[in-house]
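Okay, structure first, notes after.
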């Protein structure tokens, strides 16, 4: 079956994630075991037993979501022919791994290191994020640009849907921008519980460390294009994959443009959201009307999907 793969980002983690997959599917269990070995810690135990506060820490949540995503992919891999993929923020790493550009061990170590570096950057210069609903992304970006300066940064960080954008930056600047965005017509501005101002210039202290980690890993050309967060364009070469993962650390997630590009690349292929949650499928409906994604995150969902493939 021709498929477009969507890989979720941070925020989809929860205690118990992936345990049913490991219990029912040997292929999934092998992914969890491989990740534990690569990290030298029992990530799977943390995912399945908690505590939640520890799982939510950036350097744990990022590899946990990636591993869950790749466990689902291992279960369905023989039944799908990927024609394209995309992942939201850290999900872009999972997309490259699912399409053969990264080995599991390299991918899980990379996102673990990415999480550590982002946490350190957030400690050096504390930042925050807020979700803005009911205002066009272009208008959000314009207002933020007018309020931002070197000492008080605020940017449009995640352009998630035509009327949903996440802003990121210094706390005072984000608060000031929130008030301006409400005055401009935003329906709601919701502060987010995060450990840093992700996808903003405040992540710059993490750039050198991430670039070094990326340089030490072997990338291969993906078997199908991965639409990159930072550019909204398809990536088909190993060198470009590395460069885009470097760029996305401080660049906005151009999710609206990415989904529009992905829908064109998919050309009628079935969209599958693999991993925990169904957030990306909901965003897809709002960005590309008439296109829906099937959520595959639990063992029951995977079994139903595999059964359908056997019936066709």
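By its C-alpha gyration tensor, with a ≥ b ≥ c as the square roots of the eigenvalues, how is segment 172-293 shaped: rounded for a/c under 1.5, else prolate for a/b larger than b/c, else oblate? Oblate. With the simple spin-label model, which puts each label point 7 Å out from Cα in the Cβ direction, the residue 239 to residue 149 separation comes to 4.1 nm. Does segment 210-259 classify as rounded, prolate or oblate by the C-alpha gyration tensor (a ≥ b ≥ c root eigenvalues; a/c under 1.5 gives rounded; else a/b over b/c gives prolate, otherwise oblate)? Note, shape of segment 210-259 comes out oblate. Most fluctuating residue of 250, 128, 37 in a GNM of the chain with Cα springs under 10 Å: which is it? So, out of 250, 128, 37, the one fluctuating most is 37.
If each residue of separation counts as 0.36 nm, what is the full-extension length gain between residue 208 and residue 220 once their alpha-carbon separation is subtracted? Could you put the intermediate results ahead of the total?
Details: separation 12, 0.36 × 12 = 4.32 nm, distance 2.20 nm.
Using 0.36 nm per residue and subtracting the Cα-Cα distance, I get 2.1 nm.
For the chain, the share of DSSP beta bridges that are antiparallel, to the nearest 5, is 55%. Label zone of residue 2 (point 7 Å out along Cα→Cβ, amide N under 15 Å): in segment 266-288 this covers 266-272. Based on C-alpha pairs under 8 angstrom that are at least 6 apart in sequence, segment 200-312 has a relative contact order of 20 percent.
At an R0 of 41 angstrom, the distance between the Cβ atoms of residue 103 and residue 270 translates into a FRET efficiency of 0.95. The distance from the alpha carbon centre of segment 215-236 to that of segment 132-210 is 26 Å, rounded to a whole number.
Peptides 113-121, 82-90, 134-142, ordered by how many other C-beta atoms sit within 10 Å of their residues on average, highest first, read 82-90, 113-121, 134-142. Between residue 142 and residue 33, the C-beta separation translates, for a Förster distance of 41 Å, into a calculated FRET efficiency of about 0.25.
Coordinate-derived values only; no laboratory data. Please read all numbers here as calculations on a predicted model, not as lab measurements. Glycine gets a Cβ as well: all are built from the backbone with ideal geometry, and neighbour counts include every protein chain shown.
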